[in-house]
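The values are calculated or read from the model by the stated rules, or taken from the named source; none is laboratory data. Model, not experiment: these values are computed from the prediction. Here the Cβ is made from the backbone with ideal geometry for all residues, glycine too, and neighbour counts use every protein chain on show.
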Amino acid sequence: MSASEPTTHTPRRASHAGSERERGATLVEMALVLPLFFVLVFGIIEFGWYFAQVNEVRYAAREAARVAGVDGDLDDVHQAVCGNLNLVNGGAEYTIRASTSETGGNGEVNVTAVYEPLTGFLSLPVLPDFRSQHSFFVEPEKLPDLATGQPC
């Protein structure tokens, strides 16, 4: 070779065995990362479902206390509780307690619902059932009947 001739260098191709090793490494990495990814995604979905149900039970108890304080009709309170529990698939119960005096009455509504998982991913008893309690004031003539352990 003379100094004036350009030298060309051709890159070597990766051997067939090297690409097989790369593909195997990719599969192992995916096998390690994919379960963690699914745990994260389904955990986010399940906790979102849980908090949506918590908010629904709170809203149902608040609405029942409002109806009991304004109306005092037990059927309307039942509809306020059970009609607002759209996401809760498990058993739900509510209790109304009231005390009277000459000037009016105080009462409280307790709503309890059972947690039902959406994906089944967290079907272990990790998350507690829902409970919500709201108080109300009512005039003596509109005091609702007492309701204990009424199911929806």
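Couple of notes before you dig in:
- In the range 129-152, the residues that are aliphatic (A, V, I, L, M) and modelled with pLDDT under 65: L143, L146, A147
- Qualifying residue in the range 19-30 (condition: in a helix (DSSP H, G or I), small (G, A, S), out of contact with any helix residue (DSSP H, G or I) (no Cβ under 8 Å at 6 or more places or on another chain) and surrounded by fewer than 11 Cβ atoms within 10 Å (Cβ to Cβ)): yes
- Members of the range 64-86 found to be more than 16 Å from R131 (Cβ to Cβ) and not aliphatic (A, V, I, L, M), listed by number: R66, G69, D71, G72, D73, D75, D76, H78, Q79, C82, G83, N86
- Residue tally, condition within 28 Å of W49 (Cβ to Cβ), surrounded by 14 or more Cβ atoms within 10 Å (Cβ to Cβ), at pLDDT 70 or above and not aliphatic (A, V, I, L, M), over the range 90-128: 9
- Yes/no for R21 being modelled with pLDDT under 85 and over 30 Å from F130 (Cβ atoms): yes
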